[in-house]
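The values are calculated or read from the model by the stated rules, or taken from the named source; none is laboratory data. Because the structure is a prediction, the values reported are computed rather than measured. When we count neighbours, we look across all protein chains shown, and the Cβ atoms used for this are built from the backbone with ideal geometry, even at glycine.
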Amino acid sequence: MKNVVFLGLGSNIEDRFEYINRAVLLFDEAKNCALEKYSSVYESKPFGKSDQNNFLNAVIKIKTDLSVEDLLIFVKENEKKLGRIRREKWDSREIDIDILFYNDLIFRSEELIIPHPSIQQRDFVLIPLCEIESELIHPVLENKICDIRVSEKENYVINKFPKKIITNKHVSTRK
(Lines give C-alpha, C1' and ligand atoms only; values in the text may rest on other atoms or scores of the structure.)
Protein backbone atom coordinates (compact mmCIF):
# COMPACT_ATOMS: atom_id res chain seq x y z
CA MET A 1 0.00 0.00 0.00
CA LYS A 2 1.72 3.07 -1.26
CA ASN A 3 -0.49 6.12 -0.59
CA VAL A 4 -0.18 7.85 2.76
CA VAL A 5 -3.42 9.50 3.80
CA PHE A 6 -4.51 11.50 6.83
CA LEU A 7 -8.21 11.55 7.69
CA GLY A 8 -9.99 13.87 10.12
CA LEU A 9 -12.84 12.36 12.14
CA GLY A 10 -15.56 14.30 13.95
CA SER A 11 -18.84 13.59 15.74
CA ASN A 12 -21.24 15.55 17.91
CA ILE A 13 -24.38 13.37 18.03
CA GLU A 14 -25.35 10.66 20.53
CA ASP A 15 -22.33 8.62 21.62
CA ARG A 16 -19.71 10.77 19.93
CA PHE A 17 -16.83 8.60 21.08
CA GLU A 18 -18.48 5.43 19.78
CA TYR A 19 -18.86 6.98 16.31
CA ILE A 20 -15.19 8.00 16.27
CA ASN A 21 -14.01 4.59 17.48
CA ARG A 22 -16.24 2.72 15.00
CA ALA A 23 -14.87 4.87 12.15
CA VAL A 24 -11.31 3.98 13.15
CA LEU A 25 -12.28 0.30 13.27
CA LEU A 26 -13.77 0.45 9.75
CA PHE A 27 -10.44 1.69 8.36
CA ASP A 28 -8.51 -0.75 10.57
CA GLU A 29 -10.50 -3.70 9.20
CA ALA A 30 -10.65 -2.57 5.55
CA LYS A 31 -8.87 -4.79 3.02
CA ASN A 32 -7.74 -1.79 0.97
CA CYS A 33 -6.34 0.23 3.91
CA ALA A 34 -3.75 -0.22 6.61
CA LEU A 35 -4.21 1.82 9.77
CA GLU A 36 -0.80 3.25 10.67
CA LYS A 37 -1.47 5.70 13.54
CA TYR A 38 -4.26 7.48 15.34
CA SER A 39 -4.33 10.51 17.58
CA SER A 40 -5.88 11.09 20.93
CA VAL A 41 -9.50 12.24 20.85
CA TYR A 42 -10.13 15.93 21.49
CA GLU A 43 -13.31 17.70 22.53
CA SER A 44 -13.92 20.93 20.64
CA LYS A 45 -16.46 23.67 20.29
CA PRO A 46 -18.53 23.46 17.09
CA PHE A 47 -17.04 25.07 13.99
CA GLY A 48 -19.22 27.10 11.63
CA LYS A 49 -22.47 26.86 13.60
CA SER A 50 -22.18 27.40 17.35
CA ASP A 51 -25.68 26.38 18.54
CA GLN A 52 -25.02 22.65 18.71
CA ASN A 53 -23.24 20.06 20.86
CA ASN A 54 -19.46 20.00 21.21
CA PHE A 55 -17.57 17.71 18.85
CA LEU A 56 -15.10 14.95 19.44
CA ASN A 57 -12.28 14.96 16.88
CA ALA A 58 -9.35 12.72 16.00
CA VAL A 59 -6.97 12.14 13.10
CA ILE A 60 -5.86 8.83 11.66
CA LYS A 61 -3.04 7.95 9.29
CA ILE A 62 -3.67 5.16 6.82
CA LYS A 63 -1.90 3.63 3.86
CA THR A 64 -3.98 2.60 0.88
CA ASP A 65 -3.78 1.58 -2.76
CA LEU A 66 -7.03 3.41 -3.50
CA SER A 67 -6.90 6.35 -5.90
CA VAL A 68 -8.00 9.67 -4.45
CA GLU A 69 -11.37 9.37 -6.21
CA ASP A 70 -11.95 5.82 -4.96
CA LEU A 71 -10.89 6.86 -1.46
CA LEU A 72 -13.53 9.59 -1.46
CA ILE A 73 -16.17 7.01 -2.45
CA PHE A 74 -14.91 4.66 0.30
CA VAL A 75 -15.01 7.47 2.89
CA LYS A 76 -18.60 8.40 1.95
CA GLU A 77 -19.64 4.71 2.08
CA ASN A 78 -18.13 4.43 5.57
CA GLU A 79 -19.97 7.55 6.74
CA LYS A 80 -23.20 6.00 5.48
CA LYS A 81 -22.42 2.64 7.18
CA LEU A 82 -21.93 4.49 10.44
CA GLY A 83 -25.34 6.15 10.11
CA ARG A 84 -24.48 9.64 8.89
CA ILE A 85 -27.54 11.62 7.89
CA ARG A 86 -26.88 14.50 5.49
CA ARG A 87 -28.01 17.82 6.91
CA GLU A 88 -27.29 21.42 6.07
CA LYS A 89 -23.68 22.64 6.04
CA TRP A 90 -22.07 23.00 9.49
CA ASP A 91 -24.93 21.13 11.15
CA SER A 92 -24.61 18.29 13.67
CA ARG A 93 -23.26 14.96 12.43
CA GLU A 94 -23.09 11.41 13.59
CA ILE A 95 -19.71 11.12 11.88
CA ASP A 96 -17.74 13.32 9.54
CA ILE A 97 -14.68 11.93 7.78
CA ASP A 98 -12.51 14.41 5.88
CA ILE A 99 -9.57 13.58 3.65
CA LEU A 100 -6.93 15.99 4.95
CA PHE A 101 -3.86 14.88 2.97
CA TYR A 102 -3.22 12.28 0.29
CA ASN A 103 0.56 11.93 -0.06
CA ASP A 104 1.71 15.45 -0.97
CA LEU A 105 -0.96 15.74 -3.64
CA ILE A 106 -2.56 19.08 -4.47
CA PHE A 107 -5.93 18.19 -6.00
CA ARG A 108 -9.16 20.00 -6.84
CA SER A 109 -12.44 18.66 -8.19
CA GLU A 110 -16.09 19.57 -7.67
CA GLU A 111 -16.34 17.03 -4.83
CA LEU A 112 -12.94 17.30 -3.17
CA ILE A 113 -10.03 19.61 -2.44
CA ILE A 114 -6.74 18.20 -1.13
CA PRO A 115 -5.15 19.26 1.09
CA HIS A 116 -8.36 20.04 2.94
CA PRO A 117 -8.74 23.81 2.44
CA SER A 118 -9.42 24.73 6.09
CA ILE A 119 -6.72 22.79 7.95
CA GLN A 120 -4.85 25.96 8.92
CA GLN A 121 -7.97 27.39 10.61
CA ARG A 122 -8.83 24.33 12.66
CA ASP A 123 -6.86 23.57 15.79
CA PHE A 124 -9.02 20.45 16.23
CA VAL A 125 -7.26 19.14 13.11
CA LEU A 126 -3.80 20.66 13.63
CA ILE A 127 -3.34 19.43 17.21
CA PRO A 128 -4.07 15.73 16.53
CA LEU A 129 -2.13 15.87 13.23
CA CYS A 130 0.89 17.30 15.03
CA GLU A 131 0.54 14.63 17.72
CA ILE A 132 0.92 11.75 15.26
CA GLU A 133 3.07 13.28 12.50
CA SER A 134 5.07 16.24 13.78
CA GLU A 135 7.30 16.48 10.69
CA LEU A 136 4.41 16.54 8.18
CA ILE A 137 4.75 19.40 5.68
CA HIS A 138 1.63 21.09 4.29
CA PRO A 139 2.26 20.94 0.50
CA VAL A 140 0.53 24.27 -0.22
CA LEU A 141 1.63 26.33 2.79
CA GLU A 142 5.06 24.63 2.80
CA ASN A 143 5.11 24.69 6.61
CA LYS A 144 5.34 21.93 9.15
CA ILE A 145 1.90 21.14 10.58
CA CYS A 146 3.24 21.76 14.10
CA ASP A 147 4.38 25.27 13.08
CA ILE A 148 0.98 26.38 11.80
CA ARG A 149 -0.80 28.48 14.42
CA VAL A 150 -4.43 29.50 14.48
CA SER A 151 -5.51 32.87 15.79
CA GLU A 152 -6.94 33.00 19.31
CA LYS A 153 -10.48 33.43 17.95
CA GLU A 154 -10.01 30.15 16.07
CA ASN A 155 -9.21 28.06 19.16
CA TYR A 156 -11.85 25.36 19.30
CA VAL A 157 -10.18 22.57 21.27
CA ILE A 158 -11.46 22.43 24.85
CA ASN A 159 -9.56 19.42 26.17
CA LYS A 160 -8.20 15.98 25.46
CA PHE A 161 -11.00 13.42 25.85
CA PRO A 162 -10.22 10.80 28.53
CA LYS A 163 -11.22 7.70 26.52
CA LYS A 164 -8.67 6.05 24.23
CA ILE A 165 -9.43 4.61 20.80
CA ILE A 166 -9.51 0.81 20.78
CA THR A 167 -8.59 -1.12 17.63
CA ASN A 168 -8.28 -4.81 16.82
CA LYS A 169 -4.59 -4.52 15.95
CA HIS A 170 -1.73 -2.95 17.83
CA VAL A 171 -1.23 0.45 16.19
CA SER A 172 0.97 3.17 17.57
CA THR A 173 -0.61 6.46 18.59
CA ARG A 174 2.76 8.18 18.33
CA LYS A 175 5.58 8.34 15.79
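Name the pairs: first residue in the stretch 146-164 and outside any loop (DSSP other than H, G, I, E, B), second residue among the aliphatic types (A, V, I, L, M) and surrounded by 11 or more Cβ atoms within 10 Å (Cβ to Cβ), Cβ to Cβ under 7 Å, at least 6 apart or on different chains?
Listed by first residue and then by second, the contacts come to Val157/Ile127.
Among the strands (runs of 3 or more DSSP E) contained in the stretch 1-93, which hold 1 or more residues that are out of contact with any helix residue (DSSP H, G or I) (no Cβ under 7 Å at 6 or more places or on another chain) and among the β-branched types (Val, Ile, Thr)?
Per the criteria, 3-11.
Output the number of the condition that Glu154 fails; it satisfies all remaining conditions of (1) among the acidic types (Asp, Glu); (2) touching a helix residue (DSSP H, G or I) at 6+ places or on another chain (Cβ under 7 Å); (3) at positive phi.
Glu154 satisfies every listed condition except (3).
Looking only at the stretch 2-23, which residues are surrounded by fewer than 23 Cβ atoms within 10 Å (Cβ to Cβ) and of a type in the set (A, V, I, L, M)?
Scanning the stretch 2-23 gives Val4, Ile13.
Would it be correct to say that Glu133 is under 27 Å from Tyr19 (Cα atoms) and either hydroxyl-bearing (Ser, Thr, Tyr) or surrounded by 20 or more Cβ atoms within 10 Å (Cβ to Cβ) (or both)?
When the stated conditions are applied, Glu133 passes them.
Any idea which of (1) over 22 Å from Leu112 (Cβ atoms); (2) surrounded by fewer than 21 Cβ atoms within 10 Å (Cβ to Cβ) is the one Asn32 doesn't satisfy?
Against the list (1) over 22 Å from Leu112 (Cβ atoms); (2) surrounded by fewer than 21 Cβ atoms within 10 Å (Cβ to Cβ), Asn32 comes up short only on (1).
Just to be sure, is Leu105 under 24 Å from Val150 (Cβ atoms) and either surrounded by fewer than 20 Cβ atoms within 10 Å (Cβ to Cβ) or out of contact with any strand residue (DSSP E or B) (no Cβ under 8 Å at 6 or more places or on another chain) (or both)?
Taking the combined requirement at face value, the residue satisfies it.
Does Lys80 qualify as being surrounded by fewer than 19 Cβ atoms within 10 Å (Cβ to Cβ), modelled with pLDDT of 95 or more and not hydrophobic (A, V, I, L, M, F, W, C)?
yes
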